[in-house]
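Engineer: Mind having a look at this structure? Questions to follow.
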Amino acid sequence: MRKLKEIYRYLLFRMFGRKSRNTGWTLFAPLKVVPEYIIDIENGQVTGLVKYDEKVYLTVVVDVLNEKTLVKGSLRRIHKHTKPFKQHNYIEMIEAEAKYLIEPNE
């Protein structure tokens, strides 16, 4: 019965682009390249550095207080090592961590 429901949902999605409300996609994969963080609490900034072999490829500076993000660099040269994640995934991850690290615990 469950398999039949899965097939039905799959056909609805393929034919009409419809998804049921309680379904979604989540990407689970190990991070091979992990960002390093530099925290400046006084100015409310977090700098995320994406390094590979001790070389910085992407720098993301998140100003949490002013809600601004500055991105320098690219992951183009190391895309083999960051798959299935892309540059925007790393930027989103660093922004989320910055908000968590800077905002006071309530």
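The values are calculated or read from the model by the stated rules, or taken from the named source; none is laboratory data. Keep in mind that what you see is a predicted model, and the values were worked out from it rather than measured. Because the Cβ atoms are built from the backbone with ideal geometry, glycine has one as well, and the counts that use them run over all protein chains shown. For the accessible areas, the whole protein counts, side chains as well, though only heavy atoms, and no ligand, DNA or RNA atoms are used. Shrake-Rupley method; radii C 1.70, N 1.55, O 1.52, S 1.80 Å.
Engineer: Quick one: compute the contact order of the chain, relative version, from alpha carbon pairs under 8 angstrom and 6+ residues apart, as a percent.
Structural biologist: After rounding, I find 19 percent.
Engineer: Compute the long axis of helix 2-16 from its Cα atoms, compare it with the longest principal axis of the Cα atoms of the chain, and write down the angle in degrees, 0 to 90, nearest 10.
Structural biologist: 80 degrees
Engineer: Additional query: Whole-Hz ³J(HN,Hα) for each residue in the range 81-97, computed from phi via Karplus 6.51 cos²θ - 1.76 cosθ + 1.60 with θ = phi - 60°, x for glycine and proline: what do you get?
Structural biologist: Karplus values, whole Hz, x for Gly and Pro: 8, 9, 4, x, 7, 10, 4, 5, 5, 5, 4, 4, 5, 5, 4, 5, 5.
Engineer: Under the rule that an exposed site lies in a DSSP loop and has at most 12 other Cβ atoms within 10 Å, name the longest stretch of the chain with no chymotrypsin sites (Phe, Trp or Tyr not before Pro) of that kind, not counting the sites themselves.
Structural biologist: Result for the longest clean stretch: 29-106.
Engineer: Where only protein heavy atoms count, and the probe is 1.4 Å, what is the accessible area per residue for the chain in Å²?
Structural biologist: Normalised by residue count, the accessible surface of the chain is 84 Å².
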